[in-house]
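A short worksheet on the structure shown next.
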Amino acid sequence: MKQFVIALLAVLLCPIGSAAASAPAADDLRPRFLLTGAQSRDSQDLSGQWTYSKDLYRTGLTDINGWVAKSRMQRYRDLDVAAEEARATTDFYEFDMDRGPLVAIPGAWNAAVPEMRYYDGLVWFQRRFKAPAPDGGRAFLRFEAVNYKAYVYLNGKEIGRHEGGFTPFVLEVTDVLRGGDNRLTVGVDSTHDAQSIPTFITDWDLYGGITRPVRLIRTPATFIDDAMLTMQADGRIVGEVRLQGDKAAGQAVTVAIGAVATATAKTDAGGRAVFDIAAPRLERWSPDSPKLYDVRFTAAGDTVRDRIGFRTIAVKGNQILLNGKPIFLRGISLHEEEFGPNPARNMTEQASRALFTEIKHGLQGNYVRLSHYPHSETTVRLADEMGLLVWSEIPVYWTVDWENPAVLRKALAMQAETIYRDRNRAAVVLWSVGNETPVSPARTAFHGAMADNVRAIDPTRLVSAALLVERSKENGEDVTVIKDPLVDKLDVLAVNTYAGWYGNDTLDALPALKWRVPADRPLILSEFGADALAGYRNDGMKKFTEEYQAQYYRQTLAMADRIPTLRGLSPWILKDFRSPRREHPVFQNGWNRKGLVSETGVRKEAFGVLTDYYRNRAKSTAGVP
């Protein structure tokens, strides 16, 4: 353990990329480029039909014995294979990306064709596109997500790599982009192992591929790379803007919050300007009134626009305070899958809105746990618009190589990428640092480093984790307790409990189950649930019937009402979702059936049970945000 702690300190102090060793953690983990507010920029959407080529043996990257891949296998080459073949030379090729089959991007390859349903490995994708030359400005490719590892080539030249399936990354292509025809090739490796995040053991589907949009973005030579604003407890608006480019230092930066407030600052030698605006008269964002302001950042001839809400979030004793007032989180957990029998994890605005409508207007919810990884930027921005508080997490889930400093570094980098992307989203109030991880000293140190990382980058939000609980005997009675030293690092405690589904508890016993939890902090039941196959009814109170699931909810909610510090719920889960772990041939067939609605949107009986409970909860706290 001593050696791990020493290695852990080395990881936290060592530089990442070109960052200086003395830089604080926030800057140490900051990606080279962020392009915050990319949606408002001049860009070319590269969505559409791409060609693809399977590469299960990875011959496009390496040959046997780790040698360089043979040229006839290198799918990223800037080459017209058909034209070369027409020349009838001694060369030949074992690929042709131009004549490969087509697939829609963004979208997971699992849903593309039946033969790819369970493919796990390397696939090459190619998109030909036309573009004008940079002409004195700069050009970048921004990938919103590639699952899991990405190898990116433009016009035959490698421009970068990225690991992590749910966070954005930006690569500069100013010197590689051609005026006219361009060839973008991306190798995507979906393989997970003991050192990946998550590992190869999960309870959700693979979804390999380019699952979120890709854009070619143009900026001036000196440009706004990052811009953020947030509200302090006293109502002040603070934030920062960071420029990149040869003229980043000494620039005047202006921020305008609608017609309400304007402020100006000057960048320092590193291109950073800070703002501290005395409390303007702003309408505060809340689920009942999700007010967003049009915000404009201007500097060095560049402008970035965003829509930002302003609110405060805090903990006082065992209460969660939104804008200074107690709130109960009426929520549900959600995987990133659109409705339909063959989801491709293509979260368009329409797809995300359909899911959120079921939560906001169907369940009468005000909160969503986005499980178990960062969901799309489209989804999080829609939560801002619709008024749903968000729990966000990265997939440090179940099993992780806790004692490996390189794995910790991956987790901290992934966490930083998520926070930098979503710092301007009022909806995001909880950063989670883990889900259902077994307690050990190395594991607790790992999670502790993640909690410290959150507070270093974004001290304005709350830290939580979905913990496991234990049963103990006290005075001859079974009592559910939290025996996890990680609680000392958390603002909000959260536990997953499945009594009545897993284990030997009967449904009748649930309301009387006793809990002993810390009295000084709020508690969320981050998961509870039971499987039901939509339409399977009238077969007694058997498991997998809608009646069993509905009664499970009634009894579990009765149990929850007896926990004095309970301040929120996010049952498992809104919608049935794909999971290769779940293979009962009658009830599951590759689907986890704990959804309150089926994969095609059919509501189960338990949906109404939770809706009634939340409606009554909302009435009992009328007047509270």
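The values are calculated or read from the model by the stated rules, or taken from the named source; none is laboratory data. Nothing here was measured: the structure is a model prediction, and the numbers come from that model. Because the Cβ atoms are built from the backbone with ideal geometry, glycine has one as well, and the counts that use them run over all protein chains shown.
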### Message
Out of THR444, THR460, THR418, I need the residue that is in a loop (DSSP other than H, G, I, E, B), at pLDDT 95 or above and not hydrophobic (A, V, I, L, M, F, W, C). Which one?
### Response
THR460
### Message
I need the full set of residues from segment 235-283 which are surrounded by fewer than 14 Cβ atoms within 10 Å (Cβ to Cβ), in contact (Cβ under 8 Å) with a residue 40 or more places away in the chain and within 20 Å of ASP302 (Cα to Cα), in order please.
### Response
ALA252
#### Entry: Residue satisfying all of: in segment 37-50; loosely packed, with under 14 Cβ neighbours inside 10 Å and part of a strand (DSSP E or B); farthest from the chain's Cα centre (by Cα) among these
GLN49
### Query
Name the residues in segment 51-91 that are within 34 Å of the chain's Cα centre (by Cα), part of a strand (DSSP E or B) and closer than 19 Å to LYS157 by Cα, would you?
THR51, TYR52, SER53, THR62
#### Entry: Residue count for segment 447-475, restricted to those that are under 21 Å from LEU229 (Cβ atoms), without any contact (Cβ under 8 Å) to a residue 60 or more places away in the chain and touching a Ser or Thr at 6+ places or on another chain (Cβ under 6 Å)
0
### Filtered residues of segment 208-225 (kept if surrounded by fewer than 23 Cβ atoms within 10 Å (Cβ to Cβ) and either part of a strand (DSSP E or B) or among the aromatic types (Phe, Trp, Tyr) (or both))
ARG215, LEU216, ILE217, ARG218
### Message
Would you confirm whether or not segment 546-559 contains a residue that is touching a strand residue (DSSP E or B) at 6+ places or on another chain (Cβ under 6 Å) and either in the same structural domain as PRO287 (by TED's automatic domain parsing) or not in a helix (DSSP H, G or I) (or both)?
### Response
no
### Message
Any residue that is at pLDDT below 95, more than 14 Å from GLY209 (Cβ to Cβ) and of a type in the set (Phe, Trp, Tyr) - is there at least one of those in segment 71-87?
### Response
no
### Task
Could you check how many residues of segment 395-427 are aliphatic (A, V, I, L, M) and in contact with a strand residue (DSSP E or B) (Cβ under 8 Å, 6 or more places away or on another chain)?
4
### Query
Of everything in segment 374-392 that's touching a strand residue (DSSP E or B) at 6+ places or on another chain (Cβ under 7 Å) and not in a helix (DSSP H, G or I), which residue is nearest to PRO213 (Cα to Cα)?
PRO374
### Message
Would you confirm whether or not segment 2-9 contains a residue that is at pLDDT below 95 and either closer than 20 Å to ARG142 by Cα or not in a helix (DSSP H, G or I) (or both)?
### Response
no
### Message
Condition (residue is within 22 Å of GLY180 (Cβ to Cβ) and either assigned to a loop (DSSP other than H, G, I, E, B) or not assigned by TED's automatic domain parsing to the domain that holds ASN155 (or both)) applied to segment 111-127: is it met by at least one residue?
### Response
no
### Query
Is it true that some residue in segment 338-356 is in contact with a Lys or Arg (Cβ under 9 Å, 6 or more places away or on another chain) and either part of a strand (DSSP E or B) or within 30 Å of ALA519 (Cα to Cα) (or both)?
no
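Kindly establish whether VAL188 is touching a Phe, Trp or Tyr at 6+ places or on another chain (Cβ under 8 Å) and buried (at least 21 other Cβ atoms within 10 Å of the Cβ). Write out each step before concluding.
Working: touching a Phe, Trp or Tyr at 6+ places or on another chain (Cβ under 8 Å): yes; buried (at least 21 other Cβ atoms within 10 Å of the Cβ): yes.
Yes: the conditions hold for VAL188.
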### Query
Across segment 117-132, what is the number of residues that are in contact with a helix residue (DSSP H, G or I) (Cβ under 8 Å, 6 or more places away or on another chain), of a type outside the set (Val, Ile, Thr) and at pLDDT 95 or above?
4
### Query
Got a sec? Which of LEU329, LEU412, LEU321, LEU388 is more than 28 Å from VAL241 (Cα to Cα) and surrounded by 22 or more Cβ atoms within 10 Å (Cβ to Cβ)?
LEU329
